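Asker: Sending over a structure as structure tokens; questions will come in a sec.
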Amino acid sequence: MKKFMNAAETMVAESVEGFVRAHEEFVVFGADRQFVRRRHLVPGKAAIISGGGAGHEPMHVGFVGRGMLDAACVGHIFTSPTPGQILNAIEDVDTGAGCLLVVKNYDGDLMNFEMAAEMASSRHRIEMVIVSDDIETASTNDGRGRRGIAGTVIVERLLGAAAENGMALADLKTLAAGLASRVRSMGVALTGVTVPHTRRSTFSLGPEEIEMGVGIHGEPGRSREPFSNADTIVRHLSEVVFNEVAPVSDKALLFVNGLGGTPPAELYLAYNVAHRFMQGHGLQIARSLVGTYASSLDMQGLSISLALLRDEEFTLWDSPVATAALRWGC
Amino acid sequence: MKKFMNAAETMVAESVEGFVRAHEEFVVFGADRQFVRRRHLVPGKAAIISGGGAGHEPMHVGFVGRGMLDAACVGHIFTSPTPGQILNAIEDVDTGAGCLLVVKNYDGDLMNFEMAAEMASSRHRIEMVIVSDDIETASTNDGRGRRGIAGTVIVERLLGAAAENGMALADLKTLAAGLASRVRSMGVALTGVTVPHTRRSTFSLGPEEIEMGVGIHGEPGRSREPFSNADTIVRHLSEVVFNEVAPVSDKALLFVNGLGGTPPAELYLAYNVAHRFMQGHGLQIARSLVGTYASSLDMQGLSISLALLRDEEFTLWDSPVATAALRWGC
Amino acid sequence: MQIGVTQLQDMFGAIAEAMRREKERLCELDGVIGDADHGIAMEIGFSAAATTVAALDPAASDPTTVFNSAAKSFLSAVGASSGPLYATAFMRAGSSVKGKPILSDDDMVDAFEAMANGIKDRGKADPGDKTMIDAWVPATAAARSARLAGKPLGQCLSAALEAAVEGAEATKDMIAAKGRSSRLGERVIGHMDPGAASAVVLIEAILRTFDA
Amino acid sequence: MQIGVTQLQDMFGAIAEAMRREKERLCELDGVIGDADHGIAMEIGFSAAATTVAALDPAASDPTTVFNSAAKSFLSAVGASSGPLYATAFMRAGSSVKGKPILSDDDMVDAFEAMANGIKDRGKADPGDKTMIDAWVPATAAARSARLAGKPLGQCLSAALEAAVEGAEATKDMIAAKGRSSRLGERVIGHMDPGAASAVVLIEAILRTFDA
Ligand SMILES: Nc1ncnc2c1ncn2[C@@H]1O[C@H](COP(=O)(O)OP(=O)(O)O)[C@@H](O)[C@H]1O
Ligand SMILES: Nc1ncnc2c1ncn2[C@@H]1O[C@H](COP(=O)(O)OP(=O)(O)O)[C@@H](O)[C@H]1O
Ligand SMILES: [Mg+2]
Ligand SMILES: [Mg+2]
Ligand SMILES: [Mg+2]
Ligand SMILES: [Mg+2]
């Protein structure tokens, strides 16, 4: 395990420190470095807070800034932040219009954000949005097994844009609920990852194996498959997300997300395959996103996310955003 | 070698096609897909063309757009584009103010761009800028061994901004000459890379070895060293670039570039180390860039680039840029 | 039995020590079906709790203070799933013995049951979902019925441990419906749930504290 | 000897075949000190050149056309360093025999020398820089002096090959000053330059064409 790190215990703190130093234009540390927040809050705007384990960079710290998040809380690697961190972020960035917590669907994240929400509820209006864009599990068919993965980026962007436009807390919650069935993602891993403090690979793959349906925590996925070419792999991912997304529109945002160790050239090649597939199935790909936005340490792999959006949602997508990882229009 | 690809022969073409599809807002293919150019040329502006082998994405295609390049020519993996490709790009994007060719210092690139310049010279005003930001070689001390690596991104950005502001061809050449001694980079690899069509790793590293001073073509570097922690590795890189850059200013742009397989969290951790080092040596880090901009296939590794800029160059850096890989101000 | 602040301090010390010892095994179990960090979470959480609790002045504290301090420090040390689960468990235990300076055997069984209920309420898992609940629910049921049969605390905890071991063992045959492993379907069969395994470690450490 | 378009077509065919055969070895040599693709570049370049040249109508072409067509198709098939180097070489060879429908032994030695000069001008490498120049320069010198001594083309090319083999061998002891390997300093010592090795392959194929 060769990584650019000094010690497992300090690696998250050092990395987040580097992030904040590199992007002082957009962000500052909150008190005691418990969270990262926007440099300039917008009084009266509903605050949006997200967070989760480290190891998914640039998610979520890279999305803090105008048009997206107000604060992000970072836990240990692949581990939810604590209720204390989240509570502190709420106290700091809620300027009176209440606070929307965007949580990826993992028990750990859910429970920690819920506790924070309970602790804050006497002094703040809090709503919670649970992102579960992952594809359905083979075993349980009630959606409980759907995790929050790369599609979270899309949800956070749209909510952030709407909040920036002045949308009220309750309406943000409605917007998120409307998105839930229209954003679907599925990932594939060519390699497992080694969590530095455990020094163990959570799963390991032979030279001719891949893991289909992985999340972003190095946990095993839906099935182990033989390695094959990009057409086969990416068409499979595309087909599953295409089949599971609610077909309310034929205008789509197509997002190819790198899991940390996959270079841009391969992501673009995969985008090409997915784009052909979606077009061939009658979708108009109106917007694209290709890059490493929701990673899983240095995993070689990627995910395909498909979001079928309404025109006003594309307008939100296009509105100005100024964060470390996503930036346009300003 | 597990990569997202179909066949070595088609991988570059498929990847560039995916790139163009994903960024139709900024770019279109030139005739016969020989190059990628801006969707909207600016008549009367000096044209800036770069190019080189594939495998360095997003360089250079990701820098085509407003405030940066007019066209980029892509060769096979790690192989210069041909004079024909470059000539076609010149013919297409020179709107009358002449054409600046930005070339990384490799014999192959140099000779191919030179031949194109010779072939175009009867009908176009052509200037050529050779970027050699790499650190000095141990053996030759005349600078001939200095390759063009990640610092090329900085040079292309500043030239592109100046051209967008209306700077004439001759002045662009002068600007580039002034930058030459003030941009320095050094890379380190934790792993070698496998070039798909050769299916061989150009060098391979044991679990406790790293290669210092690597370029971006998987060629071996300055020396093989024992793997150590990020502080040791990154401080070493920082020290060498600090010592080799011409000390004309104490205001710097610090750039940590990922080589393809290194995740954002590690790049930020490295940025933190380099930032401390530079500050400790009296530099003011006025701007930062952290990310995978000049890659070497899926190599795990990074480079540190330091650019000591003048105030008017920082103004150029900050001016609007709208490309797939760098975007701000618009 | 008469249980005061000092005994509870010992209890958290014993749990922390047991988690330190079992850390690797718990991580390994979590590595098979989860993200390989459960041992770390439990070790960090319980050493934080034990340290905070040990710093309390027995003369100026009561059992509720001990449980609440443990909950808070566990929670701020560990995110993960185990953080809110055990923090809620200890907060409930604290509430269940509110106002009592010294705990009887009945009080301890009440506290023990409150812990299990806290975990259930926080995690919303049902028995059979392949979580720590599958150790905790049978364990508290066993402790309760032993106590109803008039057994002293030590024997109640022995019964609880035996039931927890069985419950943890039974998770091997379950398909997970909660937690990180819930997407793995059939693939988790044959592997013990790490949270159930750590519940056994915890209950054993409690037993050892009060059986001496 | 009387060399016309057909013989030159054969020559490019022979070179292409030789490069196909030696591709792996050339890549391996390049892998040690460069980017492992030299064999691929030479194979692609010369098969493109041979194909284009083979399509020429001998009745409607002359040797200059053959060399120029080879140059152009080599150049548009291969970027790399070898592309401009060999394209320039063939363009110069074409110029050196301009206007001649049939080439004599003298013309061929002139063309051979023009190739080396083209490579030198394009690459600006000096002898001793560990490049293909270290095979080409002694090879052309040997061909020239054999020709001055009145030897027929076959023997001139034999002498050239011998000198090229020696020159390539000598690159093992050199530190590279040009090309990708120029940053490796002492580390390249002991390894033959791939471009020098492919020059030997090329010259050998020419020799075989005209020695038959
Ligand atoms: N909703 C839940 N209810 C009860 N127990 C749960 C729940 N979710 C997870 N667990 C337990 O937590 C254990 C995993 O804990 P840990 O590894 O510390 O957290 P994480 O899953 O966040 O990495 C699982 O083995 C399971 O016993
Ligand atoms: N400037 C130069 N002059 C002469 N020969 C050169 C020069 N640069 C490189 N070469 C030759 O080219 C060979 C490498 O060719 P090749 O591998 O095809 O190209 P690249 O280096 O672009 O991958 C070297 O071994 C060397 O002999
Ligand atoms: Mg965890
Ligand atoms: Mg090459
Ligand atoms: Mg875990
Ligand atoms: Mg080569």
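Asker: Given Cα pairs under 8 Å that are at least 6 residues apart, what percent is the relative contact order of chain B? Please list the in-between numbers first.
Answerer: Details: 763 pairs, mean separation 59.5, N = 330.
Result for chain B is 18 percent.
Asker: Can I ask one more? Can you tell me, using C-alpha contacts under 8 Å and at least 6 residues apart, the relative contact order of the stretch A:66-173 as a whole percent? Could the numbers behind the result be given before it?
Answerer: Numbers: 151 pairs, mean separation 33.7, N = 108.
Over the stretch A:66-173, the number comes to 31 percent.
Asker: Taking only protein heavy atoms into account and a 1.4 Å probe, give the accessible area per residue of the stretch C:8-54 in Å².
Answerer: Roughly 33 Å² per residue, with all protein chains present.
Asker: Give me the angle, in degrees from 0 to 90, between the Cα long axis of helix C:82-96 and the longest principal axis of the Cα atoms of chain C, rounded to the nearest 10.
Answerer: Helix C:82-96 sits at roughly 30 degrees to that axis.
Asker: Can you compute 3J(HN,Hα) from phi for each residue in the stretch D:51-59, using the Karplus curve 6.51 cos²θ - 1.76 cosθ + 1.60 with θ = phi - 60°, rounded to whole Hz and x for Gly and Pro?
Answerer: Using θ = phi - 60°, the values come out as 5, 4, 5, 5, 7, 6, 7, x, 6 Hz.
Asker: How far, in degrees from 0 to 90, does helix C:105-123 lean away from the longest principal axis of the Cα atoms of chain C, to the nearest 10?
Answerer: 40 degrees
Asker: Something else: How many Å² of accessible area per residue for chain B, probe 1.4 Å? All intermediate terms of the calculation are to be shown ahead of the outcome.
Answerer: Values: 9920 Å² over 330 residues.
That works out to 30 Å² for each residue.
Asker: Taking only the alpha-carbon atoms of the stretch B:1-153, what semi-axes of the equivalent ellipsoid follow from 5 times the gyration tensor eigenvalues under a square root, in whole Å, largest first?
Answerer: Values: eigenvalues 106, 95, 37 Å².
Its equivalent ellipsoid spans semi-axes of 23, 22, 14 Å.
Asker: Roughly how many percent of the accessible protein surface of the stretch B:199-330 is carbon and sulfur, given a 1.4 Å probe and a whole-percent answer? Provide the component values of the computation, followed by the final result.
Answerer: Numbers: 1910 of 4200 Å².
Taking all protein chains in place, the stretch B:199-330 shows 45 percent carbon and sulfur surface.
Asker: What is the stretch A:176-254 by shape, rounded, prolate or oblate, if you read a ≥ b ≥ c off the alpha carbon gyration tensor as root eigenvalues and call it rounded for a/c under 1.5, prolate for a/b larger than b/c, and oblate otherwise?
Answerer: oblate
Asker: Another one. Please sort A:226-238, B:300-312 by packing, taking for each peptide the average over its residues of neighbouring beta carbons within 10 angstrom, highest first.
Answerer: On the way: A:226-238: 18.4, B:300-312: 23.8.
Ranking the peptides A:226-238, B:300-312 by packing returns B:300-312, A:226-238.
Asker: If amide H atoms are built 1.01 Å from N in the plane of the peptide, which residues on other chains or at least 5 residues away come under 5 Å of the amide H of A:Ser223?
Answerer: HN-HN under 5 Å from A:Ser223: A:Met212.
Asker: Let me ask something additional. Could you tell me whether the stretch D:1-91 comes out rounded, prolate or oblate from its Cα gyration tensor? Rule is a ≥ b ≥ c as square roots of the eigenvalues, rounded for a/c under 1.5, then prolate if a/b exceeds b/c, otherwise oblate.
Answerer: On the way: a/c = 2.74, a/b = 1.97, b/c = 1.39.
Verdict is prolate for the stretch D:1-91.
Asker: Here is a further query. How long is the stretch C:5-211 along each principal axis, judged by its Cα atoms, biggest number first, in Å?
Answerer: 52, 38, 27
Asker: With a point put 7 Å past each Cα toward its Cβ, work out how far A:Cys330 is from B:Asp311 in nm, to one decimal.
Answerer: Going by the 7 Å Cα→Cβ label model, 2.7 nm.
Asker: Could I ask something else about it? What average count of beta carbons from other chains do you get within 10 Å of the Cβ of residues in D:36-43? Working shown, then result.
Answerer: On the way: counts 13, 12, 1, 1, 7, 3, 0, 0.
The mean count of partner-chain Cβ atoms within 10 Å per residue comes to 5.
Asker: Report the FRET efficiency, 1/(1 + (r/R0)^6), for D:Met1 and D:Glu162, where r is their Cβ-Cβ distance and R0 is 25 Å, rounded to 0.05.
Answerer: Working: r = 20 Å, r/R0 = 0.79.
According to the calculation, E is roughly 0.80.
Asker: OK, next. Please list the radius of gyration and Dmax for the stretch B:255-327, considering alpha-carbon atoms only, with Å as the unit.
Answerer: In Å, with Rg to one decimal and Dmax whole: 13.2, 36.
Asker: In chain B, what residue has the beta-carbon at the shortest distance from the axis of the rotation relating B to A, and what is that distance in angstrom, rounded to the whole number?
Answerer: That would be B:Gly261, 2.
Asker: With a 10 Å radius around each residue's Cβ, average the other Cβ atoms per peptide and rank D:165-177, D:120-132, B:67-79, highest first.
Answerer: Working: D:165-177: 19.5, D:120-132: 21.2, B:67-79: 28.2.
Per-residue Cβ counts within 10 Å, averaged per peptide and sorted highest first, yield B:67-79, D:120-132, D:165-177.
Asker: Amide H of B:Val129: which non-local residues (sequence gap of 5 or more, or other chain) have their own amide H closer than 5 Å, using H built in the peptide plane?
Answerer: For B:Val129, the qualifying residues are B:Leu101, B:Val102, B:Val103.
Asker: Using helices alone, I'd like the mean residue ellipticity at 222 nm for chain C: each DSSP H run of four-plus residues gives -39500 (n - 2.57), total over residue count, nearest 500. Numbers along the way, then the final one.
Answerer: Numbers: 8 runs with 147 residues, N = 212.
That calculation yields -23500 deg cm²/dmol at 222 nm.
Asker: Using only the alpha-carbon atoms, what does the stretch B:197-330 span along each of its principal axes? Please give whole angstrom values in decreasing order.
Answerer: On the principal axes, the stretch B:197-330 reaches 45, 34, 25 Å in Cα extent.
Asker: Right, here's the next one. Enumerate the whole-percent occupancy of each 10 Å bin, from 0 to the last occupied one, for all C-alpha pair distances of the protein assembly as shown.
Answerer: 2, 10, 18, 20, 18, 12, 9, 5, 3, 2, 1, 0, 0
Asker: In addition: Residue by residue, what Karplus-based ³J(HN,Hα) values in Hz, rounded to whole numbers, does the stretch C:129-144 have, using 6.51, -1.76 and 1.60 with θ = phi - 60° and x for Gly and Pro?
Answerer: 7, 6, 9, 4, 4, 5, 9, 5, 5, x, 5, 5, 4, 5, 4, 4
Asker: Buried accessible area between B and A (1.4 Å probe, both chains summed, ligands and nucleic acids excluded), in Å² to the nearest 100?
Answerer: Working: alone 13660 and 13680 Å², together 22610 Å².
By this definition, chains B and A bury close to 4700 Å².
Asker: For the pair B:His281/A:Thr95, report the inter-label distance in nm, with labels modelled 7 Å from Cα in the Cβ direction.
Answerer: Output for this residue pair reads 4.1 nm.
Asker: Run the accessible area of the stretch C:5-211 with a 1.4 Å probe and give the carbon-and-sulfur part as a rounded percent.
Answerer: Values: 3820 of 7290 Å².
Looking at the stretch C:5-211 in its full context, I get 52 percent from C and S.
Asker: Compute the acute angle (0 to 90°) between the alpha-carbon long axis of helix C:153-170 and the principal axis of greatest extent of the alpha-carbon atoms of chain C; round to the nearest 10°.
Answerer: The angle comes out near 10 degrees.
Asker: If I model a spin label as a point 7 Å beyond the Cα along the Cα-Cβ vector, how far apart are those points for C:Glu17 and B:Thr232 in nm?
Answerer: About 3.8 nm, to one decimal.
Asker: Still on this model: With +1 assigned to the C-beta of every Lys and Arg and -1 to the C-beta of every Asp and Glu, and no other charges, what is the dipole magnitude of the stretch C:36-124 about the Cα centre in debye, to the nearest 20?
Answerer: Details: 7 positive and 10 negative charges, 72 e Å.
Dipole size: approximately 340 debye.
Asker: How high is the relative contact order of chain D, in percent, counting Cα pairs under 8 Å that sit 6 or more residues apart? Could you put the intermediate results ahead of the total?
Answerer: Details: 404 pairs, mean separation 48.3, N = 212.
The normalised contact order for chain D reaches 23 percent.
Asker: Also, quick follow-up: Pop out the carbon and sulfur fraction of the accessible area of the stretch B:21-67 as a percent, whole number, probe 1.4 Å.
Answerer: Values: 720 of 1580 Å².
The nonpolar share, carbon plus sulfur, comes to 45 percent.
Asker: Then there is this: Just tell me how shielded B:286-296 is by partners: mean number of partner chain Cβ atoms within 10 Å of each residue's Cβ, no decimals.
Answerer: Numbers: counts 0, 2, 7, 1, 7, 7, 5, 1, 0, 3, 1.
The per-residue average across the peptide is 3.
Asker: Moving on. Using packing as a proxy for protection, rank C:70-77, A:160-167 so that the peptide with the highest average count of other Cβ atoms within 10 Å comes first. Present the calculation step by step, with values, prior to reporting the outcome.
Answerer: Details: C:70-77: 23.9, A:160-167: 20.4.
Final packing ranking: C:70-77, A:160-167.
Asker: Under unit Cβ charges (Lys, Arg +1; Asp, Glu -1), what dipole magnitude, rounded to 20 debye, does the stretch B:11-181 have relative to its Cα centre?
Answerer: On the way: 15 positive and 22 negative charges, 56 e Å.
For this selection, approximately 280 debye.
Asker: Sticking with this structure for a sec: Using only Cα atoms, locate the centre of the stretch A:1-53 and the centre of the stretch A:162-193, then give the distance between them in Å, rounded to an integer.
Answerer: A separation of 21 Å, based on Cα centres.
Asker: Further question on the same structure: Shape verdict for chain A, please, from the Cα gyration tensor: rounded (a/c under 1.5), prolate (a/b greater than b/c) or oblate. Before the final figure, lay out each step's value.
Answerer: Numbers: a/c = 1.65, a/b = 1.22, b/c = 1.35.
Oblate shape, in that a/c is at least 1.5 and b/c is the bigger or equal ratio.
Asker: Report, for A:His281, each distance to the same residue's label point in the other copies, shortest first and in nm; define the point 7 Å along Cα→Cβ.
Answerer: 5.3
Asker: A follow-up question, please. Give the C-A buried accessible area in Å², both sides summed, 1.4 Å probe, nearest 100.
Answerer: For chain C against chain A, roughly 2800 Å² becomes buried.
Asker: Per residue of B:318-327, how many C-beta atoms from partner chains lie within 10 Å of its own C-beta, taken as a mean?
Answerer: Working: counts 0, 0, 0, 0, 1, 0, 5, 2, 1, 4.
Rounded to a whole number, the mean comes out at 1.
The values are calculated or read from the model by the stated rules, or taken from the named source; none is laboratory data. All values reported here derive from a predicted model rather than from experimental measurement. Cβ coordinates were reconstructed from backbone atoms using ideal geometry, including for glycine residues, and neighbour counts include every protein chain displayed. Ligands, DNA and RNA are excluded from the accessible area calculation, which covers all protein heavy atoms including side chains. Shrake-Rupley method; radii C 1.70, N 1.55, O 1.52, S 1.80 Å.
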